[in-house]
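Quick one: this structure, given as structure tokens, is what I'll be asking you about.
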Amino acid sequence: MKSKRQEEILRIIEEVDVETQDQLLEQLRLRGVTSTQATISRDIKELHLIKELTGYGTYKYVVSERKTSLNFAGRLRTIFKEGVTSFDMAQNIVVVKTMPGLASAACAAVDGMEIPDLVGSLAGDDTALLIMRTNEAAAEFCNEIHKMLK
């Protein structure tokens, strides 16, 4: 529930200029996610969201550039430990099987880590495809996944 809510928050702030926690709560409600102001406040802190000045003289929530890698690395580790059921590779493609509903969160976390050899990712409900630049990069990433799951 928490990871889905936080994923939705990240999606909202990319799509809409959100200036206040009340606006964020309303956007979540419109998308079928109920929450409290206190929970949103904790999410903002955990996601390392900051307010940035827009060109219109207003402010909007954005992910702090300083904390992006650390934030996604922690989220990825949590998602993988709690949700990955298996993984394998076929040449330069890494296939990650997750619990139902977690593949999108896994892809979002991986994409946010800005891995140089990651060309792109595609998520279904319980399967994520990670396209790596080379077969070697795919093998190396599988080794990293294996370490995370220990």
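Could you say which residue among Leu47, Leu76 is modelled with pLDDT under 90 and assigned by the TED database to the domain that holds Asp111?
Matching residue, one of Leu47, Leu76: Leu76.
Follow-up question, since we're still on this one. With the requirement that a residue be assigned to a helix (DSSP H, G or I) and of a type in the set (Asp, Glu), what does region 32-63 give you?
Our first condition is that a residue be assigned to a helix (DSSP H, G or I); within region 32-63, this holds for 37-46.
Passing the criteria: Asp43, Glu46.
Now a separate question. Looking only at residues in region 92-109 that are surrounded by fewer than 18 Cβ atoms within 10 Å (Cβ to Cβ) and more than 16 Å from Ile145 (Cα to Cα), which one is farthest from the chain's Cα centre (by Cα)?
Applying the filter and picking the extreme gives Pro100.
Does Glu8 meet the test of being open to solvent by 80 Å² or more (accessible area, probe 1.4 Å), out of contact with any Gly (no Cβ under 8 Å at 6 or more places or on another chain) and acidic (Asp, Glu)?
Criteria not met by Glu8.
Report whether or not Gly112 is modelled with pLDDT of 80 or more, open to solvent by less than 50 Å² (accessible area, probe 1.4 Å) and outside the structural domain of Ile50 (by the TED database).
Numbers: modelled with pLDDT of 80 or more: no; open to solvent by less than 50 Å² (accessible area, probe 1.4 Å): yes; outside the structural domain of Ile50 (by the TED database): yes.
Criteria not met by Gly112.
Tell me the strands (runs of 3 or more DSSP E) entirely within region 82-134 that contain at least 2 residues that are closer than 28 Å to Val62 by Cα.
Answer list for region 82-134: 118-123, 127-132.
Of the residues Asp17, Asp22, which is more than 19 Å from Ala108 (Cβ to Cβ), in contact (Cβ under 8 Å) with a residue 40 or more places away in the chain and open to solvent by 80 Å² or more (accessible area, probe 1.4 Å)?
Among Asp17, Asp22, only Asp17 is more than 19 Å from Ala108 (Cβ to Cβ), in contact (Cβ under 8 Å) with a residue 40 or more places away in the chain and open to solvent by 80 Å² or more (accessible area, probe 1.4 Å).
The values are calculated or read from the model by the stated rules, or taken from the named source; none is laboratory data. Since this is a predicted model, take the numbers as computed values, not measurements. For neighbour counting, all protein chains shown are included, and Cβ atoms are generated from backbone atoms with ideal geometry for every residue, glycine included. The accessibility values were calculated without ligands, DNA or RNA, using every heavy atom of the protein model including side chains. Shrake-Rupley method; radii C 1.70, N 1.55, O 1.52, S 1.80 Å.
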